[in-house]
Amino acid sequence: MSDISMNAEAKTGAGLSYWQLVRRRFFRNRYGVVGLIGCLLILLSATFPGFIAPYAPETKDRATIYSPPQRIHIVAPEGGLTRPYVLGFTEEMDANTFEITFVPDPEARQNLALFVKGDEWTWLGMTFETRLFGTVEGGFFHLLGTDSLGRDVFSRMIAGTRVTLLMGLLVMVASCVIGTGIGVSSGYFGGRFDMVVQRIVEFVKSFPDLPLYLALVAILPRRAEPITIFIMFAAILVLLRWADLSRELRGKVISIRSMDYVRSAVAVGASDGRIIRRHIVPNTSSHIIVWATYQLPEVILLESFLSFLGVGVQAPMVSWGTMLNQVRDFQSFAAAPWLMAPVGMIVISVLAFNAFGDGLRDAMDPYSND
C-alpha cells in the first residue's frame, strides 16, 4: 500500500471499529472533553468526600455560627510569599442597628497544609483520618462559611455530592433498564403486545410530572428511616421517567427489525432473545447512552428542587437540595448568602453532564464529519 493511500485511510478512519471512531471524534470535541473532565471531578468528589472535605458533615463549630467564608492568603502582612493561611473573625455589633459584622482578626491566624489529620471517615469498610487539607494547629477554618449550627458549608457540600449523584445514577440506571426492556420488546414483537404496552406508556405520560411527584412524595412516611425514604423517593422518580426512553426506542426498533441483518438472523433460526441481545440492543446503544447522559442532570435538578421544598431527601442525609432548604426565605439569604453555594455545584454538574452528552451525541452521529 502506498504512503498516499495509507495517509488517506488514517484520515478517513477506514479500518477503525465504530467505537474507535466514536472515541476519536469525541476527543476532538473540546467542549465534550471539558464536560468529561468536569464529570470525572464530580464523580471523584462523590467517591472520596471524606478525603476531600476538611470536616465531617455534622461537625459543629459553635463559636462561628453563620460565619462568612474565610479567604486564603499567600502573602504575608509584611510582604512576600508565605505558606497559605486564613484569618479568624471577631464579631462586632452596630450599636444602632444591632447588626453583627465579622472583622478579620490578624491574631487568629491558622496555617493551612495538605494531608492533615482530621475527623475519621470510612471507605469500603476501612477507616482513615487523613484529610486532603486542613489547619496545622488543628483549629477550624471555613472556606465557604458556616450554617446556623456552625457546620462547615464546604464540607457538607462535598458530602452532599455523594447523595445527590447517587440519586441521579440510581434513577437514571433504573429508568434506562426499564425503558430499554419495555421499548425494545414492544417495538420488536409488535401486535397486541405492542398495543397494550403503548396504552400503558400513554397512561403514564398523561400525568403532569411535577404535581404527581409532589402528590406521591407527600405520602411518604415521615417517620421511616432516611435510607428508606431515599429509596422510595428514587422509586417515585423512576415511575415517570422510563416512559420517554421506551417510546423513543420503540420507534427505532420498528425500523431496525426490517433491516436485512435482522431478517437474515430470523431466516437462519436465531431465537428472539438472541436477535434482541446481539442485533437490536447493540444498534440502539448509542441512543441509550446519550439519553442517559441527558437524564442524569435532569434528575439532579429535580432532586435538588424537591429536597429544597422539603419533600425529598430527609435529614440527617445531606444533599444539595437539603442544604438549600435552609435558605427558603429572604431573611436567611440576606443573613448568610454563602449558604447558596450548592447552587454553584448544581450548575457546574448540569453543565458538565450536558457538555459530555453533547460530545457523545456528535461523536456517535454516523453522518458527522470525522
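Beta carbons closer than 6 Å, at least 6 apart along the sequence or on distinct chains, pair a first residue in the range 93-110 that is closer than 17 Å to W338 by Cα with a second that is at pLDDT 85 or above and of a type outside the set (A, V, I, L, M) for F102/P68. Scanning the range 97-152 for residues that are farther than 11 Å from P54 by Cα, surrounded by 17 or more Cβ atoms within 10 Å (Cβ to Cβ) and touching a helix residue (DSSP H, G or I) at 6+ places or on another chain (Cβ under 7 Å) turns up L144, G145, T146, D147. Of all the numbered requirements in (1) loosely packed, with under 15 Cβ neighbours inside 10 Å; (2) in contact with an Asp or Glu (Cβ under 8 Å, 6 or more places away or on another chain); (3) of a type in the set (D, E, K, R), E202 misses one, and that requirement is (2).
Before we move on, is R156 part of a helix (DSSP H, G or I), basic (K, R) and crowded, with 22+ Cβ neighbours inside 10 Å?
yes
Out of the range 222-252, which residues are small (G, A, S), buried (at least 17 other Cβ atoms within 10 Å of the Cβ) and within 18 Å of the chain's Cα centre (by Cα)? Matches in the range 222-252: A234 only.
Do we find a residue being of a type in the set (D, E, K, R) and at pLDDT 80 or above anywhere in the range 348-361? Yes: the range 348-361 contains one or more residues that are of a type in the set (D, E, K, R) and at pLDDT 80 or above. Taking the range 44-68 as the range and being within 17 Å of P342 (Cβ to Cβ) and out of contact with any Gly (no Cβ under 7 Å at 6 or more places or on another chain) as the test, the residues that pass are S45, A46, P49, I52, A53, P57, E58, Y66.
One residue stands out in the range 306-335 among those that are out of contact with any helix residue (DSSP H, G or I) (no Cβ under 7 Å at 6 or more places or on another chain) and hydrophobic (A, V, I, L, M, F, W, C): the one that is modelled with the highest pLDDT, namely L309. Residue count for the range 136-147 under the criterion of being more than 27 Å from L324 (Cα to Cα) and of a type outside the set (A, V, I, L, M, F, W, C): the result is 2.
For the range 119-151, the set of residues classified as in contact with a Ser or Thr (Cβ under 9 Å, 6 or more places away or on another chain), within 20 Å of P342 (Cβ to Cβ) and of a type in the set (D, E, K, R) consists of R151 only.
The values are calculated or read from the model by the stated rules, or taken from the named source; none is laboratory data. These figures come from a predicted structure and were not determined experimentally. Counting neighbours? That spans all protein chains shown, and the Cβs are built from the backbone with ideal geometry, glycine included.
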